[in-house]
Amino acid sequence: MEKLPAKTGWLWVKQGFGLFRKQPGGLSTLFLGYMFSMVAMSVMPLLGQLVPVILVPVFSMAFMQACRYIEQKKRVFPNLLLTGFRKPAFPPLFALGLLYLLVALLSLGASALVDGGVFWQLVTGQIDAKSPLARESNMGGAILMAIAVYIPAAMAFCFAAPLIYWQKMRLGKAIFFSFFSVLHSAKAFLVFASVWFAISVIGSQVVILIFGRSEMAMMIMLPLSVILTVVMHCSFYASYRQLFGTPAEGAAAVESPLT
């Protein structure tokens, strides 16, 4: 695999916006359907907070497949949300979600080594961000620790779902190839992440600057966040396409359930 220049990360972002402009309505409707599904699952007793996290890789294939549809000049409809639930792809995608949840918990647990578990309590809603305990803790150090633990896992999970779905890879193989593809193109991904961080911060600050912290600002923030999230998914598709090639027509099977 040939190393990509740093500017490639910026090109992925541009290509993501280009894909979104072709079918903004279809992609936005797909995302709203995803959010409705997440909210519906969150009210489930006991597992309501866990299932939406576990199903993130499953639902992510809906947006990847939607981008593929746009390239093929096909219309994007909400039924694409079921893409990742089709067999034989679903079992390994679900297992990937379990690993995703485990790593998230491990990263939060690691942060407790720095602040004694205050960040964990904040994330789980046990304390308020304005509480004296939160203000007096080493919250910044705890967040950095959580990020340091999570980044290698994020690299491993980045392309695992589409590799399972389109490239017919087993779970372990997909995680392996995802990690090293991101590592090999680290400069491009650093630019990619930096650009998206800048877009998110600047976009929110411009809205606050114009409308202040008012209800109008919140009303504008919601559709803006929807659009940016969808475009980010499109950008991920652009990066996948460059690293692994355009998905083959009809590719949607895997070698075996989990291994």
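The values are calculated or read from the model by the stated rules, or taken from the named source; none is laboratory data. Quick caveat: nothing in here was measured; it's all calculated off a predicted structure. Heads up, the Cβs are rebuilt from the backbone with ideal geometry, glycines too, and the neighbour counts pull from every protein chain shown. In case anyone asks, the SASA skips ligands and DNA or RNA and just uses the protein heavy atoms, side chains included. Shrake-Rupley method; radii C 1.70, N 1.55, O 1.52, S 1.80 Å.
Just to verify a number: FRET efficiency for A193 and L46, C-beta to C-beta distance, R0 = 45 Å, to 0.05?
Efficiency, rounded to the nearest 0.05: 0.85.
For segment 1-120, which whole-number percentage of the solvent-accessible area (1.4 Å probe, protein heavy atoms only) is attributable to carbon and sulfur atoms?
Its accessible area is 71 percent carbon and sulfur atoms.
Restricting to DSSP H runs of at least four residues, report the calculated mean residue ellipticity at 222 nm for the chain, -39500 (n - 2.57) per run over all residues, nearest 500 deg cm²/dmol.
Computed mean residue ellipticity for the chain: -24000 deg cm²/dmol.
Given a 1.4 Å probe and every protein chain left where it sits, what share in percent of the accessible area of segment 138-259 is carbon and sulfur?
Whole-percent figure for carbon plus sulfur exposure: 74.
Check each of the trypsin sites (Lys or Arg not before Pro) in segment 123-184 and keep only those in coil by DSSP with at most 14 other C-beta atoms within 10 angstrom; list them in order.
K130
Past the 31 Å Cα-Cα mark, which pairs from K74/K168; K14/K130; K22/K187; K74/K187; K14/K74; K22/K168?
Listed pairs above 31 Å: K14/K130; K74/K187.
So, for the chain, what is the accessible surface per residue at a probe of 1.4 Å, expressed in square angstrom?
Value returned for the chain: 53 Å² of accessible area per residue.
L102 to Q242: FRET efficiency via 1/(1 + (r/R0)^6), r the Cβ-Cβ distance, R0 45 Å, to the nearest 0.05?
Numbers: r = 30 Å, r/R0 = 0.66.
Working from the Cβ atoms, E equals 0.90.
Where does each of 155-167, 38-50 land if you order them by average Cβ count within 10 Å, highest first?
In descending order of packing, they fall as 155-167, 38-50.
Could you give the dipole magnitude of segment 61-145 about its Cα centre, charging the beta-carbon of Lys and Arg +1 and that of Asp and Glu -1, in debye to the nearest 20?
With only Lys, Arg, Asp and Glu charged at Cβ, the dipole is about 720 debye.
Using +1 on the beta carbon of Lys and Arg, -1 on that of Asp and Glu, and nothing else charged, what's the dipole of the chain about the Cα centre, debye to 20?
So the dipole magnitude of the chain works out to roughly 820 debye.
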